[in-house]
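Only one structure is covered here, and it is reproduced in the block below.
Every number in this text was worked out from the coordinates using simple rules, so none of it is lab data. Just so it is clear, the structure is predicted and the values come from calculations on it, not from any experiment. Cβ sites come from the backbone with ideal geometry, for glycine too, and all protein chains shown count toward neighbours.
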Amino acid sequence: MQHLDPELISLLALDNTVGDRSDREHLRTCPECADEYRALRRAVIAAKADPDPELESPGPQVWQAIHRELGLAPELAEDPLRSAPGPAPLHDATAERPASAAPAPRPRLRNFPAWLAAAAAVVLLAAIGVSWIVNRNTATLAQADLKPLEQYAATGTARVVENNGIRELEIRLSANEARGYQEVWLIAPDLSGLVSLGVMDSDSGRFPIPQGLDLSKFPIVDVSDEPLDGNPEHSTVSIVRGSLGT
């Protein structure tokens, strides 16, 4: 089963009117995508909820963590709470109110920058990663459908993404069927050369692509089943394979 794009799941969590009928049907039938959607949706609902007026503003270390995890521009490094104007002091009308009068309702104050930073902190602390974030600096360069080989049944997708000049290979599989461990490779069309990108210990992962590697010369994405024998070479046993295309 081919999973939904993480960015589409993020958009669906932010606004459930986006996407089409097939996207929503996929969320209904795919447990993995549905779990990711529900986790994101909970974070969105928490961020939109009316904040407690007694909520303390998070310290500068929270914004530093947010800035680092989201890869924001250097000009945004300053904590927005430090430069945000505080709420205007309330007029004390105690002296003007008769002793028998009921106390006036307590005003509800909303400090928008504080709310924004607190909501972002909730997302970070939810441990759902930053894959759901719609990053405008990320571009998809190529992608592939991964098909099973020989005795395996797993399927999946591969996607080459670039963010601020850094390329990564993002892989999702329907299952981890390795008898040993999974290793991710980029292979030449004639199988004459191959580059290992690393070990994938679950059914998904992201792997940096070596700088300067020409993907047109290594367009085949391969996930192999490697035995625990200490041999760094390809085992010649592949679980899934597919060719990258734009």
Some residue of the stretch 163-171 being in contact with a strand residue (DSSP E or B) (Cβ under 6 Å, 6 or more places away or on another chain), among the β-branched types (Val, Ile, Thr) and not in a loop (DSSP other than H, G, I, E, B)
yes
Sole miss for ASP201 among (1) buried (at least 19 other Cβ atoms within 10 Å of the Cβ); (2) within 27 Å of GLU36 (Cβ to Cβ) is condition (1)
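In the stretch 203-222, what residues are farther than 26 Å from ALA153 by Cα and under 16 Å from the mean Cα position of the chain (by Cα)?
PRO208, the sole residue that qualifies.
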One residue is enough: does the stretch 208-226 have a residue meeting the conditions under 28 Å from GLU36 (Cα atoms) and touching a helix residue (DSSP H, G or I) at 6+ places or on another chain (Cβ under 9 Å)?
no
In the set ILE171, ILE187, which member is touching a residue at least 12 places away in the same chain (Cβ under 8 Å) and either under 22 Å from ALA34 (Cα atoms) or within 20 Å of the chain's Cα centre (by Cα) (or both)?
ILE171
When the residues of the stretch 143-176 are narrowed to those that are over 17 Å from ILE239 (Cβ atoms) and of a type in the set (S, T, N, Q), which ends up surrounded by the most Cβ atoms within 10 Å (Cβ to Cβ)?
GLN143
If I ask for residues that are under 19 Å from PRO6 (Cβ atoms) and assigned to a loop (DSSP other than H, G, I, E, B), which ones from the stretch 202-245 would you list?
SER202, ASP203, ILE209, LEU244
